[in-house]
Amino acid sequence: MMNRVAVDIGGTFTDLVIESAGSPPRIGKVLTTPHDLVEGVVGAIEAAGVPLESTELFIHGTTSGLNTLLERRGAKVALVTTRGFRDVYLIGRGHRPDMYDLRYRKPEPLLERSDIIEIDERLAADGTVLTPVDRNSVEIAAKAIDEGGYDAVAVCLIHSYVDPRHELEVRALLDEHLGGLPILLSHETAPEWREYERTSTAVTSAYITPKVHAYLQRISAELQARGLKVPLHITQSNGGAMTADLAADRAALTLFSGPVGGVVGGRAIGRQLDRPNLICIDMGGTSFDVSLVRDGEVGLQSEFELAGLPILAPAVELVTIGAGGGSVIHEELGGLRVGPRSAGSTPGPACYGHGGTEPTVSDANALLGRLPAQQRLAGSMVLDVAAAERALENVASGFGIGPVELAEQALEVTHFAMAEAIRELTVERGLHPRDFALAAFGGAGPLHAAFLADELEIDEVVIPAHPGAFSAWGMLQGDVRYDVVTTFYRRFEDVGDDLAATIESLKEKVHRAMGSDATTRLRFEVSVELRYVGQEYSLLIPLVEQSADSQLAGDFHAAYLTRYGHSNPEAPIEFVAVRMAGIVDFPGEGSDGAAMSGSAPGVLGTQDVVFGGRAVATRVLDRSAVGAEPVEGPVIIVEQSTTTVVPPGWRVDSNRGGHLLMTRSIGGSR
Amino acid sequence: MSPANPTPATVEVVRNAFISGAEQMRRNLYRSAYSPVIYEMKDCSVGIYDTDGRLLGQAPGLPFFLGSLGGTLRAVIERKGLDVFGEGDIWLVNDSTICGSHLNDVTVFAPVFIEGVLRGFTAAKAHWNDVGAKEAGYVGDSVDIFQEGLRIGPTRLVTAGVLDQQILDLIALNSRFPTALIGDLMAEISACRTGVERFQSIVARFGWPDVEASIAAVFAQAETLDRESVAAIPDGVYTAEGHLDNDGVLTTPVHVRVRVTIAGDSMTVDLTGSNEQCTGSINSGIVQTRSAIEQAFKFLVNPQAPVSGGNFRNLEVIAPSGTCFNPSETAACLHYGPHLMLAMDLMVRALSTAVPDRAAAGHVGDSWNITFVGEDRNGLFLSGESLTGGWGAHAGGDGESALIHSAAGDFKNFPIETMEQRYPLRLHRHGLRDGSGGKGRFRGGLGIVREYETLSPCTVQLWFERTEEPSWGLFGGEAGAPPEISVILPGEAPVLMPKANGLRVPAGARILVKTGGGGGWGDPTERDPDGVLRDRRLGLAD
């Protein structure tokens, strides 16, 4: 029997999911091994007894690139650039986001001025050669790099996105002197205009490449040694997978490799349950992430920032706010504030009993009875409700209210902040949350989901099966994908045959890059970035025909109207870029059965839970006790690593795929 | 009906809802605007206000506009009363005597009605590239407001949802760039409507009595914070003065004098003794003058806290009429910023002895504009930039290099590749200006060097201030290097030219711009030797 395996490395646990056709997925969980992450992966494989010989897909979300960047443990990088533009990377865009701060500092760059070397060459904006590459200046650069003890080189030349010839020539020359050193070319990491952002992307890539490369080589070798016969696949920031070989050369595409599994999983749930429009929320101890699945597709962004540094690379669009179980409830100048400060894991929320004295969102949930005593926190911790109450009492007295009242009010503030994050992705684009179902995961997501749904007038909430390893499960529900883009700056009416030719060349690029993944099942999705002439921000419009026809123009005007509430069908349009995704479905079949096995006792107990200021006697159920027959709220459902609150006026059943589906009861409250 | 007594949660949610409503307006404006001056340079601001023009939530793109929208609304209400406003109306106004800024900054606002009752306004202010001034681009030598473009008094453009096409046509007809103008206006209208919807949804949820009471509570929180912070500054009178090179028409300097009085928990900023109204366009209406002083107050008083109508209640601003800070109705106002930025910087300098830990040495004190206007295949083009420079050092460290001036915030510079794709221009150099930071125990930030070449004949406008009195040092620190601009016509020697209006140049002209550095802080001999060595190694200073 063939199987498919995914491994996701989290801060605390390394999760493994193994699927084979016709049977429920199995989950393995071991402690993450920070000193050497591969050890944890191997441990999870051994613990779960995965027969790697019969594995037809092995997929992995790596945090290697992201951690290397955030912890600043990357390579020593040299940057080679056009004469006259040495400081582009250091200057950045010159803005002051903290506009009232007299001491504002720009984000710390990944290299310093002495690491930047100018060479003589220059292209004009249309690709004309103004100054050919001067061999001598490149040789001087090579010597400096050789003597400087660098680990990697980034090359970013002005206008290389129009014509890569100079960057290619420079690499060839550098290679002669620096054989073996990774050389990242800006037009390959991001063939888009705007020299600072493209340089930043190339430098960041060079900075993380050696570490990512070494990690992927090691894990691939370990898996092969244990019998894996297929190439290891890595989840990319865009939610698709690519081979580890390709990922090693495209490290910048893996920066969100870890977090996107949940979003891809959300999309899969949407397909299983026939809910093409989903708002996915992932809430843990410190942060709350929102992403969107619309018409069955994950929302992507083409650019993002990490530690203040811009990266031009497709990534699942996430809105993150600092709201989690550890967010501190406090008073500031007579106002009630929740977060963004977090109690972290030490001392953590007061209810953890580790000496925390400041009340947190988790403490509010504990005092309101929404974290039942049967719920073991992080494995074995016993909930200290009395400590939570004391902590809340300290703050509540300042407002002249009781701790229970404060707990409910603090959650109201939190739910509003979360709802605002969701509105940013929906209402602001002319979408209404009402038209979506809410998928909640992460340790704390299911605790808050129903209240958030009330806030946003959403009628359905899905709590996925295997919430404890949801990200790993999600990775298996994706596909192999490779995104390419090219700047395509033309007036709409001037496009002619250029568009079709550009699409053909992008297809070739995808074929070359995907290598063995580019099977006969490869399909393409093409979209174009359009805007009104003179604007900066563009809209991404799917391309149906390969021409700039009236249908495409109509699609653009309509999308603009939806997004901004006005449009101008008379105004001229221009192209900015063409984007393409090459997609291949994963081999084999996934599992389809319900995830839940084992027969825990159904009703674990009854306890008072506060809803709307009233304590209501509420049953506590083990998740396995919820079946196809709807259970009316109020009820609390516990399982390993998460708790689901079903308030009065909501009901819940367990549906296809073992997912919990919460809906508003007829006559339910709003 | 019992008096409203909102819960702490309601107060907090209402507070955040108005702020995020304004954020939503801002994102809407940025993304649908036509002109780079809005979407990249963020020369705009949006906010939500009550019927007294008091701020409920703002999202400033240009911090300089911090208080100007509320001031503009109050000035309009003073003239028109509240009865003229109807549901679904949209108004606009740009007259400098009402808005305080130049005519290019056009304020669009919408009344907010809830169950038939006027409860507030939403407003957006944004810079339009051309409103029909005597020349395209950034006129540097205007002597009255009539040379600066179309004056629009408070005008209803949309009545109950219906746009008055005749007014729109009239305005568009007066611009050299009518398409961009209409696009930017529509973006502002859209932003205002977004704000109206958010305002209404907030009230629909909590009811007006609770919202009103929450607003009062939020204002009280902000006021307390401001008063506590000012009270921590030692009482006294603190003064500073300085000057600009000239007003673009006369050759004499423009004097600015700032006298800050701290008495208990209140601050008074008196501009008496500053220059008379300028012949050139260095003049600002009182609304913009007050807005700039509020921004400088914000630099020194709780810079991290959000702003609301409860702020600045302990701040008094005195700007005698007839000065450049409160000129006549017909004064030229196109360069309404330089003397305000200088006044802001002088406020920081004046208080630096009282609260050194909140202060910084002199920083980029001007907008440093370079504008090219000409014809290309798409017709008339205009490339306008405001260049970055060095910020002042402070007790905590060196000043930052290549950062936009104090009046602007989330402004982004113009990418070289975008500029060269769009306009017949080429950049030969874009880098830090070595050695331009003022020496000190902590070094001032560096200015930049940019070298342009014109690829077709065009007109150049240059406005670079503070060449005579550059960014000063404090506590023994030295001043930063002054800006230095030279124009090099083909085959000719460079000519120093900090200001130029409508300079016609052929293809192949080069303009070499060096912007100023920030001031240093403390005795240069006390600089940490590692810092000296590092600066030398990296070539940042000698």
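Bear in mind that the values in this text are calculations on the coordinates, not laboratory data. Owing to the predicted nature of the structure, the values given are computational and were not obtained by experimental measurement. Here the Cβ positions follow ideal geometry from the backbone for every residue, glycine too, while neighbour counts run over all protein chains shown.
The table below gives the values:
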read-out	value
222 nm mean residue ellipticity, helices alone, for chain A (DSSP H n ≥ 4; -39,500 (n - 2.57); rounded to 500)	-9500 deg cm²/dmol
Global form of segment A:454-576, assessed from the alpha-carbon gyration tensor, a/c cut-off 1.5	oblate
DSSP beta bridge pairing in the protein assembly as shown, given as percent antiparallel to the nearest 5	80 percent
Proximal lysines to residue A:76, defined as alpha-carbon separation beneath 19 angstrom and excluding residues fewer than eight positions away on the same chain	A:143, A:211
Alpha carbon centroid spacing (whole Å) that separates segment A:1-65 from segment B:400-417	47 Å
Amide H within-cut-off set for residue A:329, under 5 Å, with H built and near neighbours excluded	A:339, A:360, A:361
Point-to-point label distance, residue B:272-residue A:307, nm (Cα→Cβ direction, 7 Å offset)	5.4 nm
Ordering of B:521-531, A:354-364, A:96-106 by burial proxy (mean other Cβ atoms within 10 Å per residue, highest first)	A:354-364, A:96-106, B:521-531
Backbone HN-Hα couplings from phi across segment A:383-389 [Karplus 6.51/-1.76/1.60, Hz, Gly and Pro as x]	6, 9, 5, 4, 5, 4, 5
Helix-only [θ]222 nm of chain B, DSSP H runs n ≥ 4, -39500 (n - 2.57) each, per residue, nearest 500	-9000 deg cm²/dmol
Förster radius 22 Å - calculated FRET efficiency between residue A:629 and residue A:23 (Cβ-Cβ, nearest 0.05)	0.35
Filter on A:229/A:509; B:134/B:499; B:125/B:298; A:106/B:412; B:42/B:499; B:412/B:514 - keep pairs with C-alpha separation over 22 Å	A:229/A:509; B:42/B:499
Average silhouette area of chain A, convex hull of alpha-carbon atoms, in square nanometres	31.5 nm²
Amide H partners (placed H, <5 Å) of residue B:433, local residues excluded	B:447, B:448, B:449
Per-bin percent of Cα-Cα distances, segment A:82-241 [10 Å]	9, 32, 30, 19, 8, 1
Viscosity 0.890 mPa s, temperature 25 °C, Stokes-Einstein D of segment B:197-317 from Kirkwood C-alpha radius, µm²/s	145 µm²/s
10 Å Cβ neighbours from other chains, averaged over peptide B:397-405	5
Percent antiparallel among DSSP beta bridges (both partners in chain A, rounded to 5)	75 percent
Residue-averaged beta-carbon neighbours from other chains (10 angstrom radius) around A:566-574	2
Within segment B:248-335, percent of DSSP bridges classed antiparallel, to nearest 5	60 percent
Cα-derived Rg over Rh, computed across segment A:386-462 with Rh taken as Kirkwood radius	1.09
Segment B:1-80 - Rg (one decimal) and Dmax (whole number), Cα, Å	15.2, 51
Estimated FRET transfer efficiency (residue B:530, residue A:39; beta-carbon r; R0 30 Å; 0.05)	0.15
Cα shape, the protein assembly as shown, gyration tensor, a/c 1.5 rule	oblate
Cβ neighbours within 10 Å from other chains - mean over A:418-428	3
Cβ-Cβ FRET estimate between residue B:492 and residue A:511, R0 fixed at 60 Å, reported to 0.05	0.65
Segment B:59-65 - phi-based ³J(HN,Hα) in whole Hz, Karplus 6.51/-1.76/1.60, Gly and Pro as x	9, x, x, 9, x, 3, 8
Viscosity 1.306 mPa s, 10 °C: Kirkwood-radius Stokes-Einstein D of chain B over Cα pairs, µm²/s	66 µm²/s
